[in-house]
Amino acid sequence: MAKKTPAINSSSTADIAFLLLCYFLMTTTMGSHFGLSRRLPPMPDPNQKIEDQKVNRRNIIVVKINSADRILAGTDAIDVSQLKDKIKEFLSNPSNDPNLPEKEVKEIEGYSKGTYPVSKGVISLQNDRGTSYQAYIAVQNELVKAVNELRDEFSMKEFGKKYAQLDDEDQQKVVRDCIPQNISEAEPKDVGKRR
């Protein structure tokens, strides 16, 4: 006669597995991915007549990144560490250089002085399809950092706080209106191949 082996009681195994699953789901942090903060223009009215907008050449600085990750800002080949200062000088045009962007005196709602000379400067970013992701992000970071530093300087002068520390939404809007972030990004080009 065959001897029966006693069975192991596995009724609580499912409960333990469920508790372990719950524990790991609650304690594990998922990697959060941050994108680039950009404000897209509003959708145009389909009935609107398309007009070519002419932008004065002096108001545009073209930042190019080639497939070897080299950077050209305007006519100067520069390192990524120099880009922020170049952009700050371009946008602020402290000496009213005729080769740098014009300033347009605008009425700023909520600004204590009423009007402010707002730069018409536009940063045009162009990259090659062979540009590395690291170089692309590094350049994007430097462009945004330049605008943020200009905003911080303006905010410290006017409100005594950095832009990010302003609690009042109206004050933040004044800073954004006085120091706009105009970054235009062109479609990547494939310089290595001719069509």
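The values are calculated or read from the model by the stated rules, or taken from the named source; none is laboratory data. Nothing here was measured: the structure is a model prediction, and the numbers come from that model. With ideal geometry, Cβ positions are generated from the backbone for all residues, glycine too; neighbour counts draw on all protein chains shown. In case anyone asks, the SASA skips ligands and DNA or RNA and just uses the protein heavy atoms, side chains included. Shrake-Rupley method; radii C 1.70, N 1.55, O 1.52, S 1.80 Å.
Some notes on this structure:
- Being within 20 Å of Asn127 (Cα to Cα), surrounded by 10 or more Cβ atoms within 10 Å (Cβ to Cβ) and either modelled with pLDDT under 85 or β-branched (Val, Ile, Thr) (or both) holds for only one residue in Arg58, Arg38, and it is Arg38.
- For region 92-123, a tally of residues being open to solvent by 20 Å² or more (accessible area, probe 1.4 Å), out of contact with any Lys or Arg (no Cβ under 8 Å at 6 or more places or on another chain) and under 30 Å from Arg70 (Cβ atoms) returns 5.
- Within region 109-128, residues that are closer than 18 Å to Ala146 by Cβ sit with their Cβ atoms under 6 Å from residues that are open to solvent by 40 Å² or more (accessible area, probe 1.4 Å) and assigned to a loop (DSSP other than H, G, I, E, B), at 6+ positions apart or across chains, in these pairs: Lys120/Glu102; Val122/Asn182; Asn127/Pro188.
- Scanning region 106-149 for residues that are in a loop (DSSP other than H, G, I, E, B) and among the polar types (S, T, N, Q) returns Ser112, Thr131, Ser132.
- Scanning region 139-148 for residues that are closer than 23 Å to Lys162 by Cβ and either touching a helix residue (DSSP H, G or I) at 6+ places or on another chain (Cβ under 9 Å) or open to solvent by 30 Å² or more (accessible area, probe 1.4 Å) (or both) yields Asn141, Glu142, Leu143, Val144, Lys145, Ala146, Val147, Asn148.
- Among the residues of region 171-195, the ones that are of a type outside the set (A, V, I, L, M, F, W, C), at pLDDT 75 or above and more than 14 Å from Met156 (Cα to Cα) come to 10 in all.
- Picking from residues in region 90-105 that are touching a Ser or Thr at 6+ places or on another chain (Cβ under 6 Å) and not in a strand (DSSP E or B), the one that is nearest to Glu149 (Cα to Cα) is Leu91.
- Every residue from region 161-184 that is open to solvent by less than 50 Å² (accessible area, probe 1.4 Å), of a type outside the set (A, V, I, L, M, F, W, C) and without any contact (Cβ under 8 Å) to a residue 60 or more places away in the chain: Tyr163, Gln172
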